[in-house]
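Colleague: Here you go, one structure.
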Amino acid sequence: MNLVRDLLDKALVDRNGRDMGRVDRVVLDIRDGAPPRVAALEVGPAVLAHRLAPLAGRWAAALEHAFGVDEGRPLRIPVRDLLGIEDHVKVDLAFGDTAAATIEQRLRRWVGAIPRSS
């Protein structure tokens, strides 16, 4: 398996088919005397920004913290929760049970508070 081609930037969907973003990082478990293995996938704007430039990642993480949406971030999905990898990565999680749902709900409230945003 080519991790970059087969996992990185693939669409991520929950068990119900709801979009959860894209795979932003592949976390490897490196052990002495054993080959590396995929431990988890990470999702979140700070992770993506860090891939582009470490300073941008620190800024994105600081913004998440400033807005109070950094709890449970980045979203780390253990490899045991992967259901399948096709044109998207399907995971055995429900979007509503993740930190990503909390951020979406807060953004909806903030945008909803803007006059004429509905």
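Colleague: If we scan the stretch 73-90, do we find a residue that is surrounded by 12 or more Cβ atoms within 10 Å (Cβ to Cβ), of a type in the set (Lys, Arg) and modelled with pLDDT of 80 or more?
Modeller: Scanning the stretch 73-90 turns up at least one residue that is surrounded by 12 or more Cβ atoms within 10 Å (Cβ to Cβ), of a type in the set (Lys, Arg) and modelled with pLDDT of 80 or more.
Colleague: So, one more: For Gly96, are the conditions met, namely being at positive phi and surrounded by fewer than 17 Cβ atoms within 10 Å (Cβ to Cβ)?
Modeller: So Gly96 fails the test.
Colleague: A further question follows. Considering only the stretch 69-91, state which residues are touching a residue at least 12 places away in the same chain (Cβ under 8 Å) and over 14 Å from the mean Cα position of the chain (by Cα).
Modeller: If the condition is that a residue be touching a residue at least 12 places away in the same chain (Cβ under 8 Å) and over 14 Å from the mean Cα position of the chain (by Cα), then Leu83, Ile85, Asp87 are the ones that fit.
Colleague: I've got another one for you. For Gly57, only one of the following conditions fails: (1) in a helix (DSSP H, G or I); (2) more than 13 Å from Ala99 (Cβ to Cβ); (3) within 13 Å of the chain's Cα centre (by Cα). What is its number?
Modeller: With (1) in a helix (DSSP H, G or I); (2) more than 13 Å from Ala99 (Cβ to Cβ); (3) within 13 Å of the chain's Cα centre (by Cα) applied to Gly57, the lone miss is (3).
Colleague: Is it the case that the stretch 63-72 has a residue that's within 29 Å of Arg109 (Cβ to Cβ), of a type in the set (D, E, K, R), at pLDDT below 90 and open to solvent by 40 Å² or more (accessible area, probe 1.4 Å)?
Modeller: Let us first name the residues in the stretch 63-72 that are within 29 Å of Arg109 (Cβ to Cβ), namely 63-72.
Then keep just the ones that are of a type in the set (D, E, K, R); that gives 64, 70-71.
Now restrict to residues that are at pLDDT below 90: 64, 70-71.
Narrowing further to those that are open to solvent by 40 Å² or more (accessible area, probe 1.4 Å): 70-71.
Checking the stretch 63-72: at least one residue is within 29 Å of Arg109 (Cβ to Cβ), of a type in the set (D, E, K, R), at pLDDT below 90 and open to solvent by 40 Å² or more (accessible area, probe 1.4 Å).
Colleague: For the stretch 42-49, state whether one or more residues are over 26 Å from Val111 (Cα atoms) and of a type in the set (A, V, I, L, M, F, W, C).
Modeller: no
The values are calculated or read from the model by the stated rules, or taken from the named source; none is laboratory data. Keep in mind the model is a prediction, meaning the values are calculated, not measured. Counting neighbours? That spans all protein chains shown, and the Cβs are built from the backbone with ideal geometry, glycine included. When the accessible area is computed, the model is the full protein with side chains, heavy atoms only, and any ligands, DNA or RNA have been set aside. Shrake-Rupley method; radii C 1.70, N 1.55, O 1.52, S 1.80 Å.
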